[in-house]
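Okay, so here's the structure we're looking at.
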Amino acid sequence: MGDCIWREMGLATEEYERILDILGREPNLVELGMFAVMWSEHCSYKNSRAVLGLLPTTGSRVIQGPGENAGVVDIGAGLAVVFKIESHNHPSAVEPYQGAATGVGGIIRDIFTMGARPIALLDALRFGPVSDARSRHLFAQVVAGIAGYGNSIGIPTVGGEVATHESFRESPLVNVMCVGVAPASAIKKAAARGLGNPVMVVGARTGRDGMHGATFASSELSPEAMAKRSAVQVGDPFMEKLLLEACLELYELGDDVVIGIQDMGAAGLTCSSCEMASRGGVGMEIDVAKVPRREKGMTPYEVMLSESQERMLVAVKAGSEPEVERVFRKWGLEATVVGHVTDDGILRIRDGDAVVAEVPAKALADMAPCYTRDASEPEYFRREQARDLADVPEPDDYACALMKLLASPRIASKEWVYSQYDHQVGTNTVVLPGRGTSVVRVPGTNKGLALTCDANSLYCYLDPWAGAAHAVAEAARNVAAAGAEPLGITDCLNFGNPEKPEVFWQFKRAVEGMAEAARALEIPVTGGNVSFYNESSKDGSSTVAVYPTPVVGMVGLIEDLSRVMTPGFKREGDIVAVLGRTRDEIGASEYLAEVHGIEGGPVPVVDLAAERAAIQLTLALIRGGLLSSCHDLSEGGLAVALSEACILGGIGSGIGARVRLPGTMRADRYLFSESGGRMLVSFHPSAASGVQAMAGRHGVPVTVLGEVGGMRLVIDGAGGTGGRARRVVDVPVSELSRVYRGAIAWALES
Amino acid sequence: MRVGVVVFPGSNCDADCYRAIESFGADVKYIWYQDRSLDGYDLVVLPGGFSYGDYLRAGAIARFAPIMDGVVEFAEAGGLVLGICNGFQILLECGLLPGAMLPNVVPRFRCDGVRLRVENAHTPFTCLCHPGQVLSMPIAHAWGNYYADEATLVELERRGQVVFRYVNEEGVPTPEANPNGSCHSIAGITTRRGNVLGMMPHLERACEALLGGTDGRWVFASAFEFLSGGVELGRLHLAGDGPRH
């Protein structure tokens with residue numbers, strides 16, 4: 001075999017040697033291609049598996065942890081929620097519309113493959129600065145691609161997050177999360193079983209699109225890689241809508257008709273066949289000549305590696321083929337028997353009579369090498385930890401500082417984004433995007449799911465351990481602020497090249513932080529996705545890695561939707577208070593970056609016991625009916641949370657608040673500190689003693705700040721001992737709202 | 001009361017319409033696009049979505065679906081037909097309603113809350129409303145920019161066929177309150193007889209307080225009231241030429 005072929009396919013020499021050992025011979029080209037995609041980082045997690053083992057994956061509600069197409073958690077009443085997040089970063093860098101669209105298509109298939117009807121989508125996005133024309137183009141096209149696919153297929157996009165930073169200029173991040181609901185007893189698995197059971201390809205025909213997409217996603221983005229446009233697939237949401245409905249109808253034929261089902265995403269037919277065989281401990285024989293094609297003259301190699309979208313591989317009970325075909329025909333789709341289950345553990349690929357590949361299924365699916373890469377602490381880490389921020393001056397104009405924060409892309413209203421998504425189709429969206437943590441009703445019940453995805457890339461760069469722990473805590477606070485008990489995490493770990501010791505250190509520390517927080521808050525991680533090689537070079541210069549971004553997707557359960565909570569202030573005269581302790585810590589804050597131009601300093605202290613107490617107190621207060629509003633404190637601290645509570649308050653037109661900062665901390669420190677474990681709440685004066693008592697029992701400090709009222713946000717600084725309070729902010733809510741709502745549209749369109 | 005919700009391949013608001021109508025206690029059934037007959041139905045709903053993917057022009061292929069022969073026949077016989085969003089686009093494409101849809105004037109999909117003013121309360125779909133009543137409901141479309149030539153618009157206005165217009169908080173149609181650039185701020189129109197209504201806003205999404213509003217119920221409730229014979233519509237549609245409101 002030619003000397004460089006495996007290297008061109010992305011395999012290392014020692015990996016090729018391992019293949020020789022497994023097979024006891026040289027692989028042919030088809031086999032080599034199959035190994036190359038299955039042993040890519042994207043499919044095998046060879047660089048991450050060892051570290052991912054740290055994450056807690058079990059819990060009393062977990063029905064399915066990592067290892068299947070999606071995680072599954074019990075929500076009672078015989079129902080289960082199925083959810084997963086996945087990245088489509090590399091394709092989106094090359095072809096933003098289709099890259100994002102097929103990312104949506106792929107994650108939706110993961111959910112209905114499990115037997116669930118998808119009911120919500122979220123997305124976490126990162127782009128370069130909006131001052132850069134190409135970043136604006138990527139931003140707009142990615143949003144259009146998500147909208148184009150999600151709107152057409154009719155699954156509401158209910159939430160997500162967007163942030164911009166220089167490190168994402170050439171390597172945007174596009175992470176998409178999908179959530180579905182199914183009867184707990186009807187969850188489908190992706191394992192083939194039963195000697196002789198037929199294996200069918202259903203859905204779209206196979207073409208030459210997306211060849212080697214998985215390998216493409218496992219390397220840095222270079223000008224040469226950018227030329228691999230054929231590695232980007234093209235999405236057809238209409239086809240997927242038909243496939244979705246047909247599959248859900250197929251499941252209704254009876255529990256025993258579908259033996260196993262897996263979508264054909266990365267590595268197409270190769271991945272789905274070997275993984276289904278390997279999971280079931282069986283072999284499989286596939287005849288590529290029987291696979292319906294949309295192009296003439298495709299070779300077995302091309303059929304096995306195509307990443308054409310909107311296809312599934314299904315193992316069905318022998319004899320049920322006519323029923324299966326009938327369902328797919330009703331929806332205008334093909335269902336074609338292409339092979340059958342065998343008992344020898346071998347994935348055997350035929351092209352008519354000729355055997356073109358013969359490989360142990362386990363070798364492809366489970367025997368990729370596992371690397372523990374070298375990790376070394378980057379030199380900036382300790383420097384930023386030790387950075388002294390005592391000299392950072394107080395702003396001359398607090399209102400101006402606040403406006404800057406409200407206009408920053410990370411904080412500003414994402415209305416420009418979510419108004420392009422159909423967020424109400426399905427008539428289950430209870431809390432719309434932009435109005436608080438997104439809440440969808442569990443169809444046919446009075447239960448709700450609070451959904452969020454969170455990560456602060458700057459935190460994770462400065463201190464990956466603390467950053468990832470904060471991401472878990474923030475997601476949990478978001479969910480709890482809606483009145484939901486956190487159920488589970490799906491994580492999307494976006495990093496640079498893991499072969500670089502500093503990047504691998506970031507990865508390892510982030511997973512450790514995520515694991516510790518998930519354990520402390522007792523929220524299992526039921527699955528996720530790792531995306532490495534988010535690095536790019538321009539014109540041959542050295543590559544730039546993205547800021548490490550471990551996105552935490554979280555699902556929380558609201559047992560009674562009449563108790564759903566939102567962040568906006570509700571009534572004149574309600575008391576405004578903060579739950580939890582505010583520390584003098586402005587390191588890594590949005591305030592420091594936006595107002596003082598410093599992206600650095602120590603990340604806020606991680607206090608998981610305090611997080612846990614704040615979350616439990618919040619849930620108890622909401623369930624007890626004591627609160628009028630609840631808003632978690634994160635980027636921008638108290639000042640931004642107060643502004644949002646005013647902007648989103650009243651009956652749509654906003655409502656004001658008058659607060660006075662307590663204690664002796666300098667006003668900017670108190671207002672903009674991003675200390676964790678805090679909630680901004682409001683409640684009727686008659687509830688005050690109840691709130692205090694409950695907070696006391698949970699050991700969470702309550703600081704009363706003022707009251708709701710008027711149409712201005714008025715903030716007085718601390719008076720000190722006997723001193724007069726100094727008014728630091730006095731702005732009409734309409735003005736806050738104008739800046740907050742208009743900033744992104746203005747940045748993208750002017 | 002028998003209501004049919006047509007399911008085209010790519011319809012995605014069919015189940016939403018089904019549940020909204022079911023909440024009125026009506027007997028509601030899905031009608032597969034390959035069926036032809038609408039015998040026995042009192043109201044037929046063409047739901048929103050992306051029929052056939054709408055890769056061409058919204059509704060351009062759905063109009064050729066077998067069921068559309070039945071819909072046209074049903075409408076011509078005076079049956080009540082309600083087209084919502086993609087359903088409205090299909091009604092335009094098949095010629096039951098005049099005019100056409102253009103891409104939104106800001107050429108993007110837009111999902112948002114809008115206000116509609118009831119311009120004609122003498123239709124089967126608005127008979128419980130009072131003229132000038134303002135209803136809140138969501139829109140979600142990329143092709144909702146209603147267009148017709150001037151003569152058609154004059155005729156639509158003169159005959160009271162403009163049923164809903166986009167308005168602001170004060171109930172005034174302004175360019176800012178028009179979410180897609182529609183001519184005359186038109187959000188919904190009927191046939192001259194008033195028995196076929198096409199509208200862009202998703203009334204089925206505004207039928208439950210939990211989901212943010214119940215103004216969509218006015219339209220469904222009106223249709224059921226009309227069908228049960230509880231309303232005298234007066235001269236407008238019987239004469240085919242009535243006053244404007």
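The values are calculated or read from the model by the stated rules, or taken from the named source; none is laboratory data. Keep in mind the model is a prediction, meaning the values are calculated, not measured. We place every Cβ from the backbone using ideal geometry, glycine too, and count neighbours over all the protein chains shown. The accessibility values were calculated without ligands, DNA or RNA, using every heavy atom of the protein model including side chains. Shrake-Rupley method; radii C 1.70, N 1.55, O 1.52, S 1.80 Å.
Please go through (1) in contact with a Phe, Trp or Tyr (Cβ under 8 Å, 6 or more places away or on another chain); (2) outside the structural domain of A:G636 (by TED's automatic domain parsing) for A:D574 and return the number of the only condition it doesn't satisfy.
(2)
Could you go through region A:556-576 and let me know if any residue there is within 20 Å of the chain's Cα centre (by Cα) and either buried (at least 24 other Cβ atoms within 10 Å of the Cβ) or modelled with pLDDT of 95 or more (or both).
Checked region A:556-576: at least one residue is within 20 Å of the chain's Cα centre (by Cα) and either buried (at least 24 other Cβ atoms within 10 Å of the Cβ) or modelled with pLDDT of 95 or more (or both).
Which is assigned to a loop (DSSP other than H, G, I, E, B) and buried (at least 19 other Cβ atoms within 10 Å of the Cβ), of B:A187, B:A140, B:A121?
Step by step, each of B:A187, B:A140, B:A121 is checked, and only B:A121 is assigned to a loop (DSSP other than H, G, I, E, B) and buried (at least 19 other Cβ atoms within 10 Å of the Cβ).
Would you please name the residue that is least open to solvent (accessible area, probe 1.4 Å), looking only at residues in region B:100-110 that are in contact with a helix residue (DSSP H, G or I) (Cβ under 6 Å, 6 or more places away or on another chain) and more than 14 Å from chain A (Cβ to nearest Cβ)?
B:M101
What residue, of A:N175, A:N151, is more than 14 Å from every other protein chain (Cβ to nearest Cβ), in contact (Cβ under 8 Å) with a residue 24 or more places away in the chain and buried (at least 24 other Cβ atoms within 10 Å of the Cβ)?
A:N175
Would region A:364-376 turn up any residue that is in a strand (DSSP E or B), within 35 Å of the chain's Cα centre (by Cα), crowded, with 17+ Cβ neighbours inside 10 Å and assigned by TED's automatic domain parsing to the domain that holds A:E31?
Scanning region A:364-376, I find no residue that is in a strand (DSSP E or B), within 35 Å of the chain's Cα centre (by Cα), crowded, with 17+ Cβ neighbours inside 10 Å and assigned by TED's automatic domain parsing to the domain that holds A:E31, so the answer is no.
If I filter region B:15-27 down to residues being open to solvent by 10 Å² or more (accessible area, probe 1.4 Å) and more than 9 Å from chain A (Cβ to nearest Cβ), which single residue comes out as nearest to the chain's Cα centre (by Cα)?
B:Y18
On the given criteria, is B:F64 aromatic (F, W, Y), over 21 Å from B:T214 (Cα atoms) and at pLDDT below 95?
So B:F64 passes the test.
Need the failing condition index for A:V181 against (1) in the same structural domain as A:D344 (by TED's automatic domain parsing); (2) of a type outside the set (D, E, K, R); (3) open to solvent by 10 Å² or more (accessible area, probe 1.4 Å), just the number.
In the conditions (1) in the same structural domain as A:D344 (by TED's automatic domain parsing); (2) of a type outside the set (D, E, K, R); (3) open to solvent by 10 Å² or more (accessible area, probe 1.4 Å), A:V181 misses (1) alone.
So A:K241 ticks every box in (1) in a loop (DSSP other than H, G, I, E, B); (2) within 14 Å of another protein chain (Cβ to nearest Cβ); (3) crowded, with 24+ Cβ neighbours inside 10 Å but one. Which box is left unticked?
Among (1) in a loop (DSSP other than H, G, I, E, B); (2) within 14 Å of another protein chain (Cβ to nearest Cβ); (3) crowded, with 24+ Cβ neighbours inside 10 Å, A:K241 violates only (1).
Restricting to region A:487-508, name every residue that is buried (at least 24 other Cβ atoms within 10 Å of the Cβ) and out of contact with any Lys or Arg (no Cβ under 9 Å at 6 or more places or on another chain).
A:I489, A:D491, A:C492, A:L493, A:F495, A:G496, A:Q506
Could you tell me how many of the residues in region A:339-363 are within 27 Å of A:R49 (Cα to Cα), part of a strand (DSSP E or B) and of a type in the set (G, A, S)?
Residues in region A:339-363 being within 27 Å of A:R49 (Cα to Cα), part of a strand (DSSP E or B) and of a type in the set (G, A, S): 0 in total.
Which of the residues belonging to region A:393-450 are away from every other protein chain (no Cβ under 14 Å), part of a loop (DSSP other than H, G, I, E, B) and closer than 30 Å to A:R727 by Cα?
Selection gives A:P393, A:E394, A:P395, A:D396, A:D397, A:S408, A:P409, A:R410, A:I411, A:A412.
Please enumerate the residues belonging to region B:34-83 that are assigned to a loop (DSSP other than H, G, I, E, B), within 14 Å of chain A (Cβ to nearest Cβ) and open to solvent by 30 Å² or more (accessible area, probe 1.4 Å).
B:Q34, B:D35, B:F50, B:Y55, B:L56, B:I61, listed by residue number.
Name the one entry in A:G625, A:G654 that is of a type outside the set (K, R), in a loop (DSSP other than H, G, I, E, B) and out of contact with any Cys (no Cβ under 9 Å at 6 or more places or on another chain).
A:G625
Which one is most open to solvent (accessible area, probe 1.4 Å) among residues in region A:654-666 that are among the hydrophobic types (A, V, I, L, M, F, W, C) and closer than 19 Å to A:L579 by Cβ?
The selected residue is A:M665.
Within the bounds of region A:130-140, is there any residue that is open to solvent by 10 Å² or more (accessible area, probe 1.4 Å), more than 10 Å from chain B (Cβ to nearest Cβ) and touching a helix residue (DSSP H, G or I) at 6+ places or on another chain (Cβ under 7 Å)?
Yes, region A:130-140 contains at least one residue that is open to solvent by 10 Å² or more (accessible area, probe 1.4 Å), more than 10 Å from chain B (Cβ to nearest Cβ) and touching a helix residue (DSSP H, G or I) at 6+ places or on another chain (Cβ under 7 Å).
Return only the number of the condition from (1) under 24 Å from A:A246 (Cα atoms); (2) more than 14 Å from chain A (Cβ to nearest Cβ) that B:G10 does not satisfy.
(2)
Examine region B:150-162 for a residue that is within 24 Å of A:H423 (Cα to Cα), more than 14 Å from chain A (Cβ to nearest Cβ) and either surrounded by 24 or more Cβ atoms within 10 Å (Cβ to Cβ) or small (G, A, S) (or both), and state whether such a residue exists.
Within region B:150-162, not a single residue is within 24 Å of A:H423 (Cα to Cα), more than 14 Å from chain A (Cβ to nearest Cβ) and either surrounded by 24 or more Cβ atoms within 10 Å (Cβ to Cβ) or small (G, A, S) (or both).
Need the failing condition index for A:A289 against (1) away from chain B (no Cβ under 14 Å); (2) in a helix (DSSP H, G or I); (3) open to solvent by less than 10 Å² (accessible area, probe 1.4 Å), just the number.
(3)
Please indicate, with yes or no, whether at least one residue in region A:513-526 is assigned to a helix (DSSP H, G or I), at pLDDT 95 or above and closer than 23 Å to A:R126 by Cα.
yes
Take the residues in region A:5-49 that are at pLDDT 90 or above and β-branched (V, I, T); name whichever of them is farthest from A:Y371 (Cα to Cα).
Across region A:5-49, the extreme among qualifying residues is A:V30.
Checking the condition farther than 20 Å from A:N534 by Cα, touching a helix residue (DSSP H, G or I) at 6+ places or on another chain (Cβ under 6 Å) and either of a type in the set (V, I, T) or open to solvent by 50 Å² or more (accessible area, probe 1.4 Å) (or both), which residue from A:V37, A:V30, A:V51 passes?
None of the others qualify; the one that does is A:V30.
Of the residues in region A:368-395, how many are in contact with a Lys or Arg (Cβ under 8 Å, 6 or more places away or on another chain) and of a type in the set (A, V, I, L, M)?
Residues flagged as in contact with a Lys or Arg (Cβ under 8 Å, 6 or more places away or on another chain) and of a type in the set (A, V, I, L, M) within region A:368-395 amount to 2.
Output yes when any residue across region A:258-280 is assigned by TED's automatic domain parsing to the domain that holds A:F35, open to solvent by 40 Å² or more (accessible area, probe 1.4 Å) and in a loop (DSSP other than H, G, I, E, B), and no when none is.
no
Quick check on A:I651: is it without any contact (Cβ under 8 Å) to a residue 40 or more places away in the chain and open to solvent by 10 Å² or more (accessible area, probe 1.4 Å)?
So A:I651 passes the test.
State the number of residues belonging to region B:190-213 that are within 14 Å of chain A (Cβ to nearest Cβ), surrounded by fewer than 24 Cβ atoms within 10 Å (Cβ to Cβ) and not charged (D, E, K, R).
5
Which numbered condition trips up A:V355, out of (1) in contact (Cβ under 8 Å) with a residue 60 or more places away in the chain; (2) surrounded by fewer than 18 Cβ atoms within 10 Å (Cβ to Cβ)?
Only one criterion is unmet by A:V355, namely (1).
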